[in-house]
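The values are calculated or read from the model by the stated rules, or taken from the named source; none is laboratory data. All figures in this text were calculated on a predicted structure; none of them were measured in a lab. Methodologically, a virtual Cβ is constructed for each residue, glycine included, from the backbone with ideal geometry; neighbour enumeration extends over all protein chains shown. Accessible surface is based on the protein model in full, side chains and every heavy atom, while ligands, DNA and RNA are left aside. Shrake-Rupley method; radii C 1.70, N 1.55, O 1.52, S 1.80 Å.
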Amino acid sequence: MDLAEIWRVMRRRWYVLLPGLLLTAALTTAVHLLIPVEYQSQSTVTLLNSSKATEAFDGNPFLSTQASLTGMADGLARNLNSDGAKADLKALGVTGKHEVKIADNAQGPFMWLTVTGTDPAAVLKSDELLAGYADKRLKEFQTQQSVAPEAMIRMATIVPPQKPEAQTKTRIQYIVMVGALGFVLSLVAIFFVEARRRTPRGKNRPAPAGTPAADTPAPASATPVATDETMALRTVGPSGAGSP
């Protein structure tokens, strides 16, 4: 079946296609309205060496980098993604979903702090609270280990929380999926109706019970048919006299 034939079937069975397309449009509209737009804000922070460790570099922390800072950044990110941290952040007023991880292709202890939600203002505020909580947790880790203040690793903001941007990729994917599925089902429906209409009425219908087949010969009768000679013998009898 070529495209021309498909188009002819669609035109011929428009009364099946039209309701399917209307239902598909209604479903895509429902998906558009029910799935809210999500917004995302992201900030970038880095871990800096302690003031004591930067004395040899005239106090410039960016000239003193160590592999241990990257390890500390990874440990801090894991802690900030834990259930305990989620409970603390929720108590602070953080809404939506948050994620902390080492920045992609980072050449140092750089971390991304990301918050996703449906309210742009709340997302921006939550990202700011997340950054403050991360700095607090970093200090608590070192205080628990009795690290002197001048030897503590510090945190600095490289990129402050950015203006939330709409994340429409997932929403568009759902709308496209629903629209494509509805259109395909509509085509299936019209071709099903077309196939039913083209089938001759009564074709492949079984014969009623007890009806003999048309080409089946009638069975031979078990009773012999009397001929004229037989009737004459019965009338004359064996002696030639007529029967009484």
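Quick notes on this one:
- Its Cα gyration tensor gives region 36-96 an equivalent ellipsoid, and the semi-axes of that ellipsoid, as √(5λ) in whole Å with the largest first, are 32, 14, 11.
- Proximal aspartates and glutamates to Lys97, defined as alpha-carbon separation beneath 13 angstrom and excluding residues fewer than eight positions away on the same chain: Glu38, Asp83, Asp119, Asp127
- What region 1-145 shows is 58 Å² of accessible area per residue, with the surface traced by a 1.4 Å probe over protein heavy atoms.
- Fraction of accessible area attributable to carbon and sulfur, region 1-90 (%, probe 1.4 Å): 61
- Total formal charge among the other residues, if their Cβ is under 14 angstrom from that of Leu124, Lys/Arg +1 and Asp/Glu -1: -3
- On a per residue basis, the convex hull of the C-alpha atoms belonging to region 38-160 measures out at 99 Å³.
- Of Lys90/Lys163; Lys139/Lys169; Lys52/Lys90; Lys101/Lys125, those spanning more than 27 Å from alpha-carbon to alpha-carbon: Lys139/Lys169; Lys52/Lys90
- Once you divide the Cα radius of gyration of region 119-198 by 2.2 N^0.38 Å, the number left is 2.35.
- Region 70-91 and region 1-68: distance between their alpha carbon centers, rounded to Å: 24
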